[in-house]
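Peer 1: This is the structure I have questions about; it appears just below.
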Amino acid sequence: MAVEKDPVCGMECSDSKVTSIYKGSTYYFCSEGCKASFEREPEKYVSKISGTEEKK
């Protein structure tokens, strides 16, 4: 049983069926709402995960 972290809310998702593919990587979500937020601004969440988020 795989456990992934939702990039939008940070919730751990085990065997989530709500996914999105962005630039060849699959991201897992706890809900359709988090998936929709990710798909509106994927770079915002991808940079947060990778630690490259811009500091203001």
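Peer 1: Considering region 31-56 alone, what residues qualify as being modelled with pLDDT of 95 or more and not in a helix (DSSP H, G or I)?
Peer 2: Ser31, Glu41
Peer 1: Just the residues that are touching a residue at least 12 places away in the same chain (Cβ under 8 Å), out of contact with any Cys (no Cβ under 6 Å at 6 or more places or on another chain) and surrounded by 11 or more Cβ atoms within 10 Å (Cβ to Cβ), please, taken from region 30-51.
Peer 2: Within region 30-51, Ser31, Lys35, Ser37, Phe38, Glu39, Pro42, Tyr45, Val46, Lys48, Ile49 qualify.
Peer 1: Something else now. Can you confirm whether region 11-27 contains a residue that is in a helix (DSSP H, G or I) and modelled with pLDDT of 95 or more?
Peer 2: no
The values are calculated or read from the model by the stated rules, or taken from the named source; none is laboratory data. Predicted, not measured: the structure shown is a model, and the values here were computed from it. Cβ coordinates were reconstructed from backbone atoms using ideal geometry, including for glycine residues, and neighbour counts include every protein chain displayed.
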